[in-house]
Every structure is written in structure tokens, then in C-alpha cells.
Amino acid sequence: MKNENFERYQRQLLLKEFGIENGSEGQNRLLKSKVLVCGAGGLGSPVLTYLAAAGIGNIGICDSDVLSESNLNRQILYCESDLGKQKALLAKERLEKFNSDVFFETYCERLSEENIESIFRKYDIIVDAVDNFPTRYLINSAAYKNGLPLICGAVCEFDGILTTIVPKEKTACFHCIYPNKPGENITKTVFGILGAIAGTIGVMEALEVIKFILDLNCLKNKLLVFNGINNSFRIKDLQKRNNCPSCSNI
């Protein structure tokens, strides 16, 4: 870590897990990490902000969408003057001003079978912050195939879920949790969402990334379920499925 950056990170360096007494080893781990965030919307906005704040050294931003007015109730990286512009480029511009320690790379393209592996191979950790099931299954399969840890969060209405998938430890994957892919009537349905719910799960995704890098307790083989109406958090045990098409043969 550069000496001149001590001031920026001093409060988290007071945490023993970051190791100010052992040469700031934890902070240096963050600065050397390469994290790809798939989705720069309601979940991706807080994920990207708090990863940049913590000092993750290399952050990829993958999102093919342009900003629309309906995004503004939950996608907190953007403002009204940004309407019609590429979200990945906007996020990079904002975050570079926020933390110059961090290198950002953008991908203004939709993830597909053709491009996902070439993008993923540049990173150590993948974050699923997308808003649709087909892309989630694609991300899950590619992460597991390439042995990349995957932090997966999702929200709908007042509810949210979160888990950490570690292929090298043979943990349950997203396809294990949701073995039956939803039909077209579900995948094309637009569900309501409160911005604060996306913010809650997005911040916790960022926390899971940081904990994973620091070898702290993560949600491996665990599913955190959040209900915003009841202010309740539940953690369910997960089990890898022997016949899972995404991870059983890997």
C-alpha cells in the first residue's frame, strides 16, 4: 500500500483483520484483488461504491444498458443528467473521481456464451448483480467452470437473497439452489422493487467480497434470506446437488 493512502483507509486499518500491526497485509490483499461486477444497476451501484471505498485495486464493470428514468429510484450512482448514457461508462467516471487508487475497466456488452470466458479470465472474483435469471445461470456456469468464486445476490419486491459460491471448495451453486429454471412468463415479468432493498443486498455483496479476500467467514453453502417488511434475516443451509447440470461434473 502506498504510504500516501494511509489516511484514506485508516479507519478500516484499525481493524485487526486488515493488519496495521503486520504491514497492512489485509489492505494490500484488497489492493491486489481483481473483482468483476456483473451489473451496474440497483445491486451493482452499492457493490461498486463500497468495493471502491474499501480499496479493491482492480474492478471490472459489466453492463450493456443505458440509463433510463425508471432506474433512478434504486441505481444511486447516477443522476437525471445521465439519462440515455451507458451505465458502465458513467459508473467508471464517478468511481474514478471517488478513489484514484482503483483501476476500472468497463464492458458495455451483454454477457453471452461467446464473450463470458474471455472477460472472466481477467478476474479473481465475480459478483452477480444482474436482474434476470438467464444471465444468472450463465454467470453461475461460467464461474464454476473456471473455478472463480462467485458472490450472488438477488432482490424482488421487499425480499433479497445472498450466497457465496466457491467452486474450488465444491460448494452449492446457484443452479443447486434453483434447479428448475423459471419459464418465459416469469423471466419477462417486471417485479416491483424498493431501492433500499437493493441497497441492503448490494452492500452485503460488497461485504462478502471483502470477507472472502480476507479469509473471513462467508456464506459458503449458506443462503441469507432478507425480508424488508419484517426486518428479518434468516440463514438456510445449502447442499450441493449430485445431479446439478452446472457443477456436479466439475
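Given 0.36 nm per residue, what is the gain on full extension from L72 to R110 after removing their alpha carbon distance, in nm?
Full extension of this stretch gives 11.6 nm more.
Using θ = phi - 60° and the Karplus relation 6.51 cos²θ - 1.76 cosθ + 1.60, list the HN-Hα couplings for segment 100-105 in order, rounded to whole Hz, with x at every Gly or Pro.
6, 5, 9, 9, 10, 10
Taking 0.36 nm per residue of sequence separation and subtracting the Cα-Cα distance, how much length would be gained by fully extending the chain between E80 and E7, in nm to one decimal?
23.0 nm
Given Cβ point charges of +1 (Lys, Arg) and -1 (Asp, Glu) and nothing else, what value in debye, to the nearest 20, does the dipole of segment 33-237 about its Cα centre take?
My answer is approximately 480 debye.
As a footprinting exposure proxy, order D82, D128, D65 by other Cβ within 10 Å, with the fewest listed first.
D65, D82, D128
Within segment 125-250, what percent of beta bridges assigned by DSSP are antiparallel, to the nearest 5? Can you show the working numbers first?
Details: 17 of 22 bridges.
Roughly 75 percent of the beta bridges in segment 125-250 run antiparallel, per DSSP.
Using 7 Å Cα-to-Cβ label points, what is the D215/C156 separation (nm, one decimal)?
That separation, rounded to one decimal, is 3.8 nm.
Let a ≥ b ≥ c be the square roots of the eigenvalues of the Cα gyration tensor of segment 123-250; is it rounded (a/c under 1.5), or, if not, prolate (a/b larger than b/c) or oblate?
Taking the square roots of the gyration eigenvalues as a ≥ b ≥ c, segment 123-250 is oblate.
Quick check: from the Cα gyration tensor, does segment 33-237 come out rounded (a/c under 1.5), prolate or oblate?
It comes out rounded by the Cα gyration axes.
If each residue of separation counts as 0.36 nm, what is the full-extension length gain between S118 and D237 once their alpha-carbon separation is subtracted?
Gain in length upon complete extension: 39.6 nm.
Which pairs break 19 Å Cα to Cα here: K168/K240; K122/K240; K32/K87; K170/K220?
Result: K122/K240; K32/K87 exceed 19 Å.
Counting DSSP beta bridges in segment 33-237, what percent are antiparallel, to the nearest 5?
Here the antiparallel bridges make up roughly 50 percent for segment 33-237.
Coordinate-derived values only; no laboratory data. In this text the structure is predicted, and so the values were computed from the model without any measurement. Cβ atoms come from the backbone with ideal geometry, glycine included; neighbour counts cover every protein chain shown.
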